[in-house]
Amino acid sequence: MSSQLSAVSAPPATKSGAAIPWTGMIWFGVLLAIPYSRILADMVHEWFTSEDMGHGLFVPLVCGYLVWQSRYKILDPEDPPKPNRWGIVLIVWGFFQAILGTLGADFFIARTAFLVALLGMIVTFGGFSTVRKLAFPLFLLLFMIRIPLFLYSRITLPLQQLASEMAADGLSLIGIPVMRQGNVLELASQKLDVVEACSGIRSLISLSFLSLVYGYFFERKQWTRIVLLISAIPIAIICNAGRITITGILSQYEKQFAQGVYHSLEGWVIFVAAVCVLVIFHQLLSRMSARVHVTKTQLSA
């Protein structure tokens, strides 16, 4: 009877035979979350209220799944976790960085302080080898934090100018008269103001995150993953310019198509189109890589 009870109460074991320390993980996770509860609450609130951070909700979910997938590798008996006291330094560092950020230095400093503390906890209980095994999901966690305001303004302005210029060229190409003054497109029907929200920064960040996740699951070659990440930049820019162009075309027939729910719906449709373009580009890249490999094999033979 006692053997049956011990079998039921024993923690689940991994394929390698090591037990997953659920109690310890939950306990220290709660202890880590409490000091950063205000910072985390503000960040989560932004995911639901800011269109720029709509993808933020999916970041911890995806990262949690990736960590779960890596649990056997983390608890590998041939390379077991090796606690390291240097992690305490990172935890303390994160604590003081959070104080600095909440005092008004920058929200980015306060929010990244949580990641520093999380990294310190992993090093403390798992060592740097565990950090190495979790490097990819830890890197992805950066996407749940909005980029600093000073960097945001420097990126959006050039993107606004580029998007408005490309849209003006596109409209002129199909015969719609347009005059561009900075970020404002003057059409016969109305003026289209390419504001920060239309700069494409949202789709650029979201598509970059998706390209990394997509490459991780569907591509083994590291160089192809890098190419996919780089390709997300021109794809997002071109699709955003296409969105503005389509808005200009539709506004010639009905002005309301350039605003409100119609404008938001266009954004979603164009983003889905951008994802499809990314997938198609990957398929073409994979086929080209396979043909090159076959050609090299035939030449060497």
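All of the numbers you see were taken from the coordinates with simple rules; none came from a lab. Because the structure is predicted, anything quoted here is derived from the model rather than measured. Note: ideal-geometry Cβ built from the backbone for every residue, glycine included; neighbour counts use all protein chains shown.
For V30, V89, V275, the sequence from fewest to most other C-beta atoms within 10 Å is V30, V89, V275.
Does region 85-217 classify as rounded, prolate or oblate by the C-alpha gyration tensor (a ≥ b ≥ c root eigenvalues; a/c under 1.5 gives rounded; else a/b over b/c gives prolate, otherwise oblate)? Note, shape of region 85-217 comes out oblate. Looking only at region 82-102, which residues have a backbone nitrogen under 12 Å from a spot 7 Å from the Cα of R38 in the C-beta direction? Under 12 Å, as judged by backbone N against the label point of R38, lie 98-102 of region 82-102.
Estimated purely from DSSP H runs of n ≥ 4, each contributing -39500 (n - 2.57), the mean residue ellipticity at 222 nm for the chain is -24000 deg cm²/dmol once divided by its residues.
Here the Gaussian network model covers the chain, with springs between Cα atoms less than 10 Å apart; of C63, C276, C239, C276 fluctuates the most.
Loop-resident trypsin sites (Lys or Arg not before Pro) (DSSP state other than H, G, I, E or B) in region 45-134 with no more than 11 further Cβ atoms inside 10 Å of their Cβ: R85. Over the chain, the hull volume per residue, using the convex hull of the C-alpha atoms, is 205 Å³.
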